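Visitor: The structure that follows is given in the form of structure tokens.
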Amino acid sequence: MKLPLADRFKPNQESDAPLREQLISMMNHRFSTYGYQPFHTPILEPYQLYMDVKGTIHPDEMVKVIDRTGKVLVLRPDVTIPISQYAAHQKNLKNKRYSYILDVFRQGESIPNSHVQGTQAGIECFHPDAPETDAEVLVLAMDILQDLQLDSFKIEIGDAGFFKELAELAALKPAVEEQLKQLIQAKNIAGIKSLLQPLNIEPEIRTAIQEIPLLYGTPEDVLERAQAIIATANMRERLKRLKAIFQLLQLYGASENIVIDLGLINHMNYYSGVIFQGYVEAVAKPVLMGGRYDQLAEQFQSHLPAIGFAYDVELLLEKVSPNIKPSDQLGILLQYDSNRQQEAISYVTALRKKGWKLMTYPANQQDAYEEIDAKFRIFLGTTDELWSNSNKITSFSTIDELLNRLEQSTSVTNES
Amino acid sequence: MEMLTLALAKGRIAKDAISLLEQAGIQFDDFHDQTRKLVFQSADGKYRLLFVKAVDVPTYVETGAADIGIVGKDTIMEAGADVYELLDLGLGACQFVVAGLGDSVKRKQRLTVASKYPVIATQFFERKNIPIETIKLNGSVELAPLIGMADVIVDIVETGTTIKENGLSIIEEVETISTRLIANKASFATKTKATQQFIMQLEAILEGNQ
């Protein structure tokens, strides 16, 4: 059977790969500067794991496989749940910060063009449940965008508990709550009003729910306006927490691109506190999603407050500046006449040890090297040793002399 | 300020929407009823208008090709797009109804529903716990019950004339629909100022018209 190439490889598959590698290494580096340790989870996970954890991924979205004993497994649909399970099962969790860059597999229900495989780059931070932790996680998320030179971005911050609390006070039926959630996510104020109208809800709660979509804007403004709709002590605490996080972000000098959106609701039901998502200019979907999920570990019989986020690597790649990509030009192309093979090999070994990007061919294998574009060319011939630097050809006699000259000419080009 | 791209649905509401925009001070000079052009620039250079098929408006907005869309609630519901639905423009109001021959709903164990809007039909009957099968048709939906292809139809009616002339009657009203303003969520976040100003301009006109 002939597989259609176009379906498996995107048009820019080849040129994207070095950029993707660079992006991943930059992100890994940034994660490590905040003390995060890379973590790896199995690609095949028990289906049951995701079915037991309430409010996560819809069963239809998971890609299932059956092993030889008939047990149903899924291709890793999410990373947070397995990491939480791992952390919850540690008697004494020494390391509290984990990072990952892993592929996740989900099939969109009704979206025909959605990809099944996507790369997520994220972190999970366990303990302590404090505004300092939340703020630091947000600053890390923003540092990543700055590393990638995506300076024009917005981070929307909300609180998952805010809506849950109001819905509880209004004693909504689950079906109505689900509808209301969708209307709030769509900021559909007219729709919210008509949904609530026939229901018997206290007037203050009704007004509060109707206000939620409007609570969008600068932190100073929204946190002030939100005071008016507070109905419980718990909601007051949540608002205080958001304010504390914002003040810390100001200390970091990272408050400029922050928007508060109390109508923010994540489809992942496990979020319990602050939630956030990030948008980059000219990308239609959030590139970043995250939040606090303090109760998730309780499903694994452990108390483990946590906060985390994940970046959608494919979306970032769409937008990330190609100038972070390392140059794909070859450093050195070394050719040799066959009677000098042994010397050639010792040259090559010495140069690669110095970190040069290098390819080598016997001079008669012209087919292999004639199209290669290299910064420097070196030739070990039967009678002479030559090297060329931008069309200037000079001779040399020892390897040390060559190394010196190469070093000199790179420092010159770096300065210019 | 950044330029905003609007996607406007072709069809019966287009003219009204354009005049609403005009009242709000947003002028598209070379726009007229019979136009074949698909892209227009506003006189002040702040807006670009894409003139597209109604069913495509939610797609333009969800993918970010347009920041804002103007389209009927029926199309938004059917598409199920993940967008903000910010304003009811009140234009082109009509009803979503279930219609059929007499008591056709009671007759059957499993109802067959013909509609241009299979998603909306399915959601409606799901809420009522009635199992249905849908047949997607693209026009002349009233024909389906007459020739026994379906038990009932789910469709939009303005006056109800077509339904009556074909001997069908309205069994139940599903929902009132009208033209809405939708926005891409990312544009709302990254072009907040321009988007909110645009909405405020329209809101002011809508309030004045009431």
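The values are calculated or read from the model by the stated rules, or taken from the named source; none is laboratory data. A quick note: this is a predicted structure, and the numbers were derived from the prediction, not measured. Here Cβ is always computed from backbone atoms with ideal geometry, including for glycine, and neighbour counts include all displayed protein chains. To get the accessible areas, we keep the full protein, side chains included, count just its heavy atoms, and leave off ligands, DNA and RNA. Shrake-Rupley method; radii C 1.70, N 1.55, O 1.52, S 1.80 Å.
Visitor: Run down B:A194, B:A150, B:A189, B:A183 and say which single residue is open to solvent by less than 20 Å² (accessible area, probe 1.4 Å) and more than 14 Å from chain A (Cβ to nearest Cβ).
Guide: Selected residue: B:A150, the only one of B:A194, B:A150, B:A189, B:A183 that is open to solvent by less than 20 Å² (accessible area, probe 1.4 Å) and more than 14 Å from chain A (Cβ to nearest Cβ).
Visitor: Please work out if A:L140 is open to solvent by less than 50 Å² (accessible area, probe 1.4 Å), in the same structural domain as A:V104 (by TED's automatic domain parsing), in contact (Cβ under 8 Å) with a residue 12 or more places away in the chain and within 26 Å of B:N184 (Cα to Cα).
Guide: No, not satisfied.
Visitor: Follow-up. Yes or no: B:P118 closer than 14 Å to B:T75 by Cα and open to solvent by less than 30 Å² (accessible area, probe 1.4 Å)?
Guide: The answer is yes for B:P118.
Visitor: Do we find that A:R352 is in a strand (DSSP E or B), farther than 30 Å from A:V283 by Cβ and basic (K, R) in this structure?
Guide: It is false that A:R352 is in a strand (DSSP E or B), farther than 30 Å from A:V283 by Cβ and basic (K, R).
Visitor: Considering only residues that are surrounded by 18 or more Cβ atoms within 10 Å (Cβ to Cβ) and aromatic (F, W, Y), which ones fall in region A:243-276?
Guide: The answer is A:F246, A:Y270, A:Y271, A:F276.
Visitor: Further question: For region A:156-190, enumerate the residues that are among the β-branched types (V, I, T) and more than 23 Å from B:K191 (Cβ to Cβ).
Guide: Result: A:V176, single match.
Visitor: Specify which of the listed residues (A:K193, A:K154) is open to solvent by 30 Å² or more (accessible area, probe 1.4 Å), within 12 Å of chain B (Cβ to nearest Cβ), in contact with a strand residue (DSSP E or B) (Cβ under 7 Å, 6 or more places away or on another chain) and not in a loop (DSSP other than H, G, I, E, B).
Guide: Exactly one residue qualifies, and that residue is A:K154.
Visitor: Taking the residues in region A:297-320 that are of a type outside the set (A, V, I, L, M, F, W, C) and part of a strand (DSSP E or B) as candidates, determine which candidate is nearest to A:N92 (Cα to Cα).
Guide: Only one residue fits best here, namely A:G308.
Visitor: So, one more: Being open to solvent by 60 Å² or more (accessible area, probe 1.4 Å) and either farther than 13 Å from B:N184 by Cβ or at pLDDT 90 or above (or both) is true for just one of B:T35, B:T59. Which residue is that?
Guide: B:T59
Visitor: Filter region A:378-396 for residues that are open to solvent by 80 Å² or more (accessible area, probe 1.4 Å) and of a type outside the set (A, V, I, L, M); which is nearest to A:N364 (Cα to Cα)?
Guide: Here the answer is A:T382.
Visitor: Restricting attention to region B:62-72, and to residues there that are more than 9 Å from chain A (Cβ to nearest Cβ) and either part of a helix (DSSP H, G or I) or among the aliphatic types (A, V, I, L, M) (or both), which single residue is farthest from the chain's Cα centre (by Cα)?
Guide: B:A66
Visitor: Return the only residue of A:A306, A:A310, A:A297, A:A284 being under 28 Å from A:Q85 (Cβ atoms) and touching a Ser or Thr at 6+ places or on another chain (Cβ under 6 Å).
Guide: Answer to the selection: A:A297.
Visitor: Go through region A:260-296 residue by residue and tally those that are more than 14 Å from chain B (Cβ to nearest Cβ) and either assigned to a loop (DSSP other than H, G, I, E, B) or not charged (D, E, K, R) (or both).
Guide: The number of residues fulfilling the criteria is 15.
Visitor: Then there's this: Identify the residue in region B:118-140 that is within 14 Å of chain A (Cβ to nearest Cβ) and part of a loop (DSSP other than H, G, I, E, B) and, among all such residues, is farthest from the chain's Cα centre (by Cα).
Guide: B:N129
Visitor: Have a look at A:N404, A:N323 and point out the one that is loosely packed, with under 11 Cβ neighbours inside 10 Å and assigned to a helix (DSSP H, G or I).
Guide: After applying the criteria, what remains is A:N323.
Visitor: Still on this structure, I have one more. Which of the following residues is within 14 Å of another protein chain (Cβ to nearest Cβ), modelled with pLDDT under 95, closer than 28 Å to A:G158 by Cα and open to solvent by less than 60 Å² (accessible area, probe 1.4 Å): A:G55, A:G108?
Guide: Testing whether each residue is within 14 Å of another protein chain (Cβ to nearest Cβ), modelled with pLDDT under 95, closer than 28 Å to A:G158 by Cα and open to solvent by less than 60 Å² (accessible area, probe 1.4 Å) leaves just A:G108.
Visitor: So which residues in region A:227-242 are under 21 Å from A:A306 (Cβ atoms), open to solvent by 30 Å² or more (accessible area, probe 1.4 Å) and in contact (Cβ under 8 Å) with a residue 12 or more places away in the chain?
Guide: Correct list: A:N234, A:R238, A:R241.
Visitor: While we're looking at this one, here's another question. Could you say whether any residue in region A:15-37 is modelled with pLDDT of 90 or more, among the polar types (S, T, N, Q), part of a loop (DSSP other than H, G, I, E, B) and under 19 Å from the mean Cα position of the chain (by Cα)?
Guide: Scanning region A:15-37, I find no residue that is modelled with pLDDT of 90 or more, among the polar types (S, T, N, Q), part of a loop (DSSP other than H, G, I, E, B) and under 19 Å from the mean Cα position of the chain (by Cα), so the answer is no.
Visitor: Take the residues in region A:157-179 that are crowded, with 21+ Cβ neighbours inside 10 Å and within 13 Å of chain B (Cβ to nearest Cβ); name whichever of them is nearest to A:M26 (Cα to Cα).
Guide: A:I157
Residues are listed down the side, and each one gets a yes or a no for (1) over 25 Å from A:I101 (Cα atoms); (2) assigned by TED's automatic domain parsing to the domain that holds A:C125; (3) modelled with pLDDT under 95:
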residue: A:N266; (1), (2), (3): no, no, yes
residue: A:V274; (1), (2), (3): no, no, no
residue: A:P286; (1), (2), (3): no, yes, yes
residue: A:D294; (1), (2), (3): no, yes, yes
